[in-house]
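Peer 1: One structure coming up, written as structure tokens, with questions to follow.
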Amino acid sequence: MTTLPLDVHLMIEHPDRYVPDFARAGADIIVVHAEACPHLHRSVQLIKSLGKRAGVSLNPATSLSCLDYVLDDLDLVLLMTVNPGFGGQSFIPACLPKIEELRREIDRRGLAVELEVDGGVKTDNIGLIAGAGAEVFVAGSAVFGTPDYAATIAALRENGRALSA
């Protein structure tokens, strides 16, 4: 049991089948992949109808245009900056302009949508990613691949603030 918010990233086929189960299990934020949802608006509305915060994730090669008609309904967008499948991959630098473009669109619309990045986030690039407009960071192997988790998390926080300013 935790009082921390649970952000559940459903990187699965047919996520709508499982959304209610994850909601009942205690997820606070449910993120589905645009690529796995033929009716993305319906998927977002399902999550919202269960009283949960809704997010959409995009793979690196997926265009931001798929968010055109759902962005106003979202609480979070998760941009993958590696091709999903396994941990420890390197950040794809070509994703930086995509982060910047999405940040501009969120700001242009005046939305309170969090911009999250997952994939290759490390102490040496988090400042660039934050500077491009990301606010939430997934840093799996960057943390768990080090001997001192606390020190690495502190370095991520410091570098994210210092280099994005």
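Peer 1: How high is the FRET efficiency between residue 144 and residue 25 when r is their beta carbon distance and R₀ equals 25 Å, given to the nearest 0.05? Could the numbers behind the result be given before it?
Peer 2: Values: r = 23 Å, r/R0 = 0.93.
Rounded to the nearest 0.05, the efficiency is 0.60.
Peer 1: Enter the Cα centre distance for the pair region 129-144 and region 1-44, rounded to the nearest angstrom.
Peer 2: That distance is 21 Å.
Peer 1: Check the straight Cα-Cα distances from residue 52 and name the aspartates and glutamates below 15 Å, setting aside those fewer than 8 residues away within the same chain.
Peer 2: Partners found: 7, 16, 21, 28, 73, 75, 114.
Peer 1: Pairs of alpha-carbon atoms within less than 8 angstrom and 6+ residues apart define the contacts here; what relative contact order does the chain have, in percent? Write down the numbers at each step before the final one.
Peer 2: Working: 270 pairs, mean separation 25.6, N = 165.
Here the relative contact order equals 16 percent.
Peer 1: Reachable lysines from residue 98, Cα under 23 Å, same-chain residues fewer than 8 places away excluded?
Peer 2: Those lysines meeting the cut-off are 122.
Peer 1: Can you compute the modelled spin-label distance between residue 153 and residue 90, with each label point 7 Å from Cα toward Cβ, in nm?
Peer 2: Going by the 7 Å Cα→Cβ label model, 2.9 nm.
Peer 1: Just grab the label-to-label distance for residue 1 and residue 63, each label 7 Å out from Cα along the Cβ direction, in nm (one decimal).
Peer 2: That separation, rounded to one decimal, is 4.9 nm.
Here, each number is a calculation from the coordinates, and none is a lab measurement. Bear in mind that the values here come from a model prediction, so they are computed numbers and not experimental data. Note that we place each Cβ from the backbone using ideal geometry, even for glycine, and neighbour counts take in every protein chain shown.
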